[in-house]
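The values are calculated or read from the model by the stated rules, or taken from the named source; none is laboratory data. In this text, all values refer to a predicted model and were calculated from it rather than measured experimentally. Every residue, glycine among them, receives a Cβ derived from its backbone with ideal geometry; neighbour counts consider all protein chains shown.
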Amino acid sequence: MPIYEYKCKECEYVFEKFQSVYDAPEKTCPACGGEVRKVLYPAGLVFKGSGFYITDSRKNSNSTKAEAKENSS
């Protein structure tokens, strides 16, 4: 189960909660009873470089023909 972080809008108390993806988000602060919001962070996984798109692994049919001509010469 993922861990979600919440922050109170009133007292700025920050807490974490283990929740299923299907559970309803928390709405109240355990410290003061105020309204909370879920804290979102950027993704920790970044894909860089070639090979991550389906078009990167396919060769253009024209370039394949040109390569074949160069290799036969």
**Message:** Restricting to segment 6-31, count the residues that are touching a residue at least 24 places away in the same chain (Cβ under 8 Å) and surrounded by 14 or more Cβ atoms within 10 Å (Cβ to Cβ).
**Reply:** 3
**Item:** One residue from 48, 65, 59 being at pLDDT below 95, part of a helix (DSSP H, G or I) and either within 19 Å of the chain's Cα centre (by Cα) or of a type in the set (Lys, Arg) (or both)
**Value:** 65
**Fill in**
In segment 11-40, anything among the acidic types (Asp, Glu), in a loop (DSSP other than H, G, I, E, B) and on the phi < 0 side of the Ramachandran plot is listed as 23, 26
